[in-house]
Amino acid sequence: MPIFNHTGEAGEDLTEKLYHGIKLNSSGKMVTATAASRNIGILQEVGKSGEEVVAMSIGISPGKLGGSVTANDDLTTDADGHFVTAVAGQPVTGIAMESGSSGEEIEILVLPQTPGAFPVAERGDTLFYNGSNWVVRHHGTSGQLWITKGHGADPDWGDAYGYCVVPLHMNLADIADGDLLTDYVPGFAGSIVKLSARAAKAATTAGKASTIHAEIGSTPTTGGSLALTSANMTPLGKVVDASAITAANTFSATDAISLVAASTTAFVEGAVDLILVLKPIVNG
């Protein structure tokens, strides 16, 4: 039952290809379809190379199977132009109107589709074209962003970009055991990722020290101990990093953050810039 037939010149011997998938070669001539090729239809009138042949591009036609299919399957072609079930991303030549097995002929609704069969997805997944097929990138973890990587590269989920830097300047001589920053509420959810110090004015008196850490509420982070000493608070501009923060570092939009000093042997002179780095959670 044709709706639209395409008549053209055979680019190869098609006398044994009745009801096979047909595509066009680089010269625009009809040839046997290949594995998952972009096809123009199903051959209706056979012929030798150079002869006129006819393919049905839209309609209902018998089609030769290359494997088992189920009614309503999207169909593509195998390497011999036989019809098989399309997998995600493959161009579709038609839809199976009945089930069948390899070597059989079944009725096919000829309806070439591009991009063809879509991958199976879940809620929150993203569909994109990878240059040859449509593929699904399954949902990332909560708070991640969909990141494009420019022309010719596949996008992917990734961690949110952007950090909040909280500076705190103070004289070293003012540091004593206890809070240096009390109950700062950032107003967004996120995590404490780093604590550092910069010598804003060099300490010159030896033997002075203090250890500083961050707390969320009254709970200190795991890791993140920042040791200030007379030796590392000189020269001017010297940067000292705390130990790596590994846990107990996430906070809500209403949580309070404090910086706390302990084990202090009071400095005599000098100044420091404490630098607290926060990473917001998207939609947090």
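The values are calculated or read from the model by the stated rules, or taken from the named source; none is laboratory data. All figures in this text were calculated on a predicted structure; none of them were measured in a lab. Glycine gets a Cβ as well: all are built from the backbone with ideal geometry, and neighbour counts include every protein chain shown.
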Scope region 211-236; condition part of a strand (DSSP E or B), buried (at least 17 other Cβ atoms within 10 Å of the Cβ) and not small (Gly, Ala, Ser); matching residues: Ile212, His213, Glu215, Ile216, Pro220, Leu226, Leu228, Thr229
Any hit, region 179-191, residues being part of a strand (DSSP E or B), under 22 Å from Phe251 (Cβ atoms) and touching a helix residue (DSSP H, G or I) at 6+ places or on another chain (Cβ under 9 Å): yes
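When region 240-259 is examined, which residues are found to be within 11 Å of Gly224 (Cβ to Cβ) and either surrounded by 15 or more Cβ atoms within 10 Å (Cβ to Cβ) or not assigned by the TED database to the domain that holds His169 (or both)?
Ala242, Ile245, Ala248, Asn249, Leu259
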Subset of region 173-217 [touching a residue at least 40 places away in the same chain (Cβ under 8 Å), of a type in the set (Gly, Ala, Ser) and closer than 13 Å to Ser258 by Cα]: Gly178, Ala214
Subset of region 140-161 that is in contact with a Lys or Arg (Cβ under 8 Å, 6 or more places away or on another chain) and of a type outside the set (D, E, K, R) - its residue that is farthest from Ala199 (Cα to Cα): Pro155
Strands (runs of 3 or more DSSP E) contained in region 60-103 and holding at least 1 residues touching a residue at least 60 places away in the same chain (Cβ under 8 Å): 83-85, 92-96
Residue list for region 21-40, restricted to those being in a loop (DSSP other than H, G, I, E, B), of a type outside the set (A, V, I, L, M) and touching a Gly at 6+ places or on another chain (Cβ under 6 Å): Asn25, Lys29, Asn39
Ser57 vs. criteria in contact (Cβ under 8 Å) with a residue 12 or more places away in the chain, in a strand (DSSP E or B), farther than 20 Å from Asn133 by Cβ and among the small types (Gly, Ala, Ser): yes
